Amino acid sequence: MSESYDLIIVGGGSAGLTAAGLAVQLEARVALVEKDRVGGDCTWTGCVPSKTLLKAARVAHEMRTANRYGLPAIGLEVDLMKGVMHHVRDVVAEVYHGESPDALRADGIDVILGPARFLDPHTLAIGETTLAARRFLIATGAHPVAPPIAGIEGVDYLTYQSLWNLDSQPSHLVVVGGGPVGCEMSQAFGRLGSRVTLIQSRPRLLPRDEPEASRVLAQVFESEGIDVRLGARVERAWQDEDGIHLLAGGEDVVGDTLLMATGRRPNLEGLDLERAGVTYGEDGIQVDDQLRTSQRHIYAAGDCTGGYQFTHYAGWQAFMAARNALLPGTSRGISDRVPWTTFTDPEVAHVGLTQAQARDRFGDDVMTCEWPMERVDRARTEGDTTGFLKLVHQKDGTLLGTTIVAARAGEMLHEWILALDQGLKVGDVAQAIHVYPTYATASMQAAAAIRVGQLLSGTSGRVVRGLARLVR
């Protein structure tokens, strides 16, 4: 006889963990089923190891360039990879400790390890064990895929999943893909001492971000010795005693290590979704605005639905899905205003509409303000003046989007996320007191420049100046 639950969650990554945490707080009987390791990509092969590696790479870079701060530069010519990867694995283990099966079971969550498959819309099989539930949430994530390049199947290449098995320094790392993963890992390995060639088929890096952000990042990469090849599609790949060859942009690029950072595909294989009556396609499971699938008692959230591929979005969706499954009423679980940050140095952060998207929607009512980080005192004290803050807004000050390229862009972005979510205008941010000296001073400065410009333009400007003359 199968056990019965209020909610069974398939997938123990960031989405599944978030949903399980909410469900147990609501005193629901909840089971979390994971076929591999609890924690998913974020803990084991994504956010946690990559950001740890980026920190180590930045420290190495600052040691080599310490003369910028009046200190002696320290050369690092040894193979750093073994020690750095040991540190990365230690940090991963620390994070995993708080989300291990034992830790989750202590919180009242039943954890079942093994591949799951649906027997029918209300029953799940994990090996010889069968489980039943009133509600299900599918949160199985996604996996990396390589594009259809001739010969790629005969080449030893890494993805963001297998990258963390490296214990020796690549002599020449070739990275295919100029999105967030490709950019972050290119800079990290370059700073750790590898020669790096970054191949991007599109005309610029980070194509979802503002073109100005792409240009700044490309300039930084080139200044650090990264060979950036834009508009270079990989046509063929092969491997011989000289290394791994890629024919890209009409040239033969040869390296000893290849990282493919070219996209992901939802993890749906083996779930037998047909037996559950759940509709899906190559792009993922189809869901409505409340994250229901074609079966109203089965929900899906995160990367397996084919939407934005971010840990924070997956967690937010899973929270909403669990809320919709276990509480009266419904909340929207799809957002067209998802923020993101690429954790290069400088970071590239974005929320809302780009300038081009805003112009398409609102035409001539769109205005922009681009505030250089060179005008921010904290950035000067830190030697991090590369970058800018760009605000896209309507003439009345209604905020439409924000892009920040700066050393702390991911942290600076949050007040603009809140401003968009709460319908605040640029002037509202300008009126809030910001701590000095911080990177966020840029937000106040840019917002104030816009607000003062509004007050002093047109008829209102003439009135304000007239009042000022009277006071004098």
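The values are calculated or read from the model by the stated rules, or taken from the named source; none is laboratory data. A quick note: this is a predicted structure, and the numbers were derived from the prediction, not measured. Note: ideal-geometry Cβ built from the backbone for every residue, glycine included; neighbour counts use all protein chains shown.
Assorted remarks:
- Residue in the range 446-458 that is touching a His at 6+ places or on another chain (Cβ under 9 Å), under 19 Å from LEU400 (Cα atoms), in contact (Cβ under 8 Å) with a residue 60 or more places away in the chain and in a helix (DSSP H, G or I) present: yes
- Selection status of ALA349, assigned to a helix (DSSP H, G or I) and among the hydrophobic types (A, V, I, L, M, F, W, C): no
- Taken together, the residues in the range 153-175 that are modelled with pLDDT of 95 or more and in contact with a Leu (Cβ under 7 Å, 6 or more places away or on another chain) amount to 7.
- Scanning the range 324-371 for residues that are free of Cβ contacts under 8 Å to residues at least 24 places away in the same chain, in contact with a strand residue (DSSP E or B) (Cβ under 6 Å, 6 or more places away or on another chain) and under 29 Å from ALA301 (Cβ atoms) yields no hits at all.
- In the range 295-323, of all residues being touching a strand residue (DSSP E or B) at 6+ places or on another chain (Cβ under 9 Å) and part of a loop (DSSP other than H, G, I, E, B), the one that is farthest from THR43 (Cα to Cα) corresponds to GLN295.
- If the condition is being touching a residue at least 12 places away in the same chain (Cβ under 8 Å), assigned to a loop (DSSP other than H, G, I, E, B) and either loosely packed, with under 15 Cβ neighbours inside 10 Å or within 27 Å of the chain's Cα centre (by Cα) (or both), then the range 257-285 contributes ALA261, THR262, GLY263, ASN267, LEU268, GLY270, LEU271, GLY277, THR279, GLU282, ASP283.
- Scope the range 3-36; condition of a type outside the set (Gly, Ala, Ser) and at pLDDT below 95; matching residues: GLU3, ASP36
- Sole residue being aliphatic (A, V, I, L, M), under 14 Å from ARG191 (Cα atoms) and in a loop (DSSP other than H, G, I, E, B), chosen from LEU76, LEU71, LEU53: LEU76
- Hits in the range 36-50 (condition: crowded, with 18+ Cβ neighbours inside 10 Å and in a loop (DSSP other than H, G, I, E, B)): VAL38, GLY39, THR45, GLY46
- Test: GLU210 is buried (at least 19 other Cβ atoms within 10 Å of the Cβ), more than 30 Å from VAL84 (Cα to Cα), at pLDDT 95 or above and in the same structural domain as ASP256 (by TED's automatic domain parsing): yes
- Just so you know, in the range 61-115 the residues that are in contact (Cβ under 8 Å) with a residue 12 or more places away in the chain and small (Gly, Ala, Ser) include one that is farthest from ARG37 (Cα to Cα), and it is GLY108.
- Selection within the range 149-182: residues that are of a type in the set (S, T, N, Q) and part of a loop (DSSP other than H, G, I, E, B). The member of this set that is nearest to MET260 (Cα to Cα) is THR159.
Table: residues versus (1) in contact (Cβ under 8 Å) with a residue 40 or more places away in the chain; (2) within 22 Å of GLU62 (Cα to Cα).
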{"residue": "LEU124", "(1), (2)": "yes, no"}
{"residue": "LEU131", "(1), (2)": "yes, no"}
{"residue": "ARG135", "(1), (2)": "yes, no"}
{"residue": "ALA142", "(1), (2)": "yes, no"}
{"residue": "GLY178", "(1), (2)": "yes, no"}
{"residue": "PRO203", "(1), (2)": "no, no"}
{"residue": "PRO211", "(1), (2)": "no, no"}
{"residue": "GLU222", "(1), (2)": "no, yes"}
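- From the list GLU374, GLU411, GLU370, GLU415, the one residue that fits, being within 17 Å of MET444 (Cβ to Cβ), assigned to a strand (DSSP E or B) and of a type in the set (D, E, K, R), is GLU370.
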